[in-house]
Amino acid sequence: MSTSVALDKDAVRALLEDVRDPEIPILTIADLGVLRDVSVGDDGSVTVVITPTYSGCPAMQTIADDIRAALARAHCTQVRIETRLAPAWTTDWLSAAARAKLLEVGITPPLEPTSDKRVLGGHPQGVACPRCRSHDTELVSEFGSTACKALYRCRSCLEPFDYFKCL
């Protein structure tokens, strides 16, 4: 028989700090901004609010399972996962740590917000190579290793790389 352990909001957030995105495991759900909110009821129940990077993201069930598993390890048994689609996730929610981690592993983080209207066509200007930092790059494919990344090639060092799309 399992029993629920009373936790406060900060303790729950701490337990979830190691829950990683299954598609980009260098990032936690907090790094991504997918972890939106945590609340603890008077009865000790925990509600975790998550927002997918896009509405059809196949990783959301795994993320929910990983959240439940992290809380179960702390004997928290009354867990509710709420998926919230509004407001829609945006790359603005990526933490500075997330952007640095992406760059460390060779994925160019999304460009900062811009007034350049060409990005509306899905072809951002100035995507820098994460290896040599050259801006002489070209889009190879709208989709990289996951739907939220595009595949680019650097014309300077000739290396392919993922670009985390700006949403």
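The mean sequence distance of close C-alpha pairs (under 8 Å, at least 6 residues apart), as a share of the length of the chain, puts its relative contact order at 18 percent. A crude spin-label estimate for the pair Ser95 and Ser55, with each label 7 Å from Cα along the Cβ direction, gives 2.9 nm. Among the lysines of the chain, pairs at least eight places apart or on separate chains and with Cα atoms under 24 Å apart come to 5. At a 4.7 angstrom Cβ threshold, list every cysteine in the chain that has nobody to pair with, or say none. For the chain, the answer is Cys57, Cys76, Cys148, Cys166, because their Cβ atoms have no other cysteine Cβ under 4.7 Å. Using just its DSSP H runs of length 4 or more, each adding -39500 (n - 2.57), the chain gives a mean residue ellipticity at 222 nm of -6000 deg cm²/dmol after division by all residues.
Candidate membrane-span-like segments in the chain, meaning DSSP H helices with Cα atoms spread over at least 18 Å of their own axis and a Kyte-Doolittle mean of -1.0 or above, are 60-73, with no membrane implied. Please work out whether the range 9-83 counts as rounded, prolate or oblate from its C-alpha gyration tensor, where a ≥ b ≥ c are the square roots of the eigenvalues and a/c under 1.5 means rounded, while otherwise a/b larger than b/c means prolate and anything else oblate? Here the range 9-83 falls in the prolate category.
Model label points for Arg131 and Gln78, set 7 angstrom from Cα along the Cα-to-Cβ axis, are 5.4 nm apart. With each label modelled as a point 7 angstrom along the Cα→C-beta vector, the Ala69-Ser145 pair spans 1.9 nm.
Each reported figure results from applying straightforward, stated rules to the coordinates on display, with no laboratory input. This structure is a prediction, so every number in the text was calculated from the model and none was measured. Methodologically, a virtual Cβ is constructed for each residue, glycine included, from the backbone with ideal geometry; neighbour enumeration extends over all protein chains shown.
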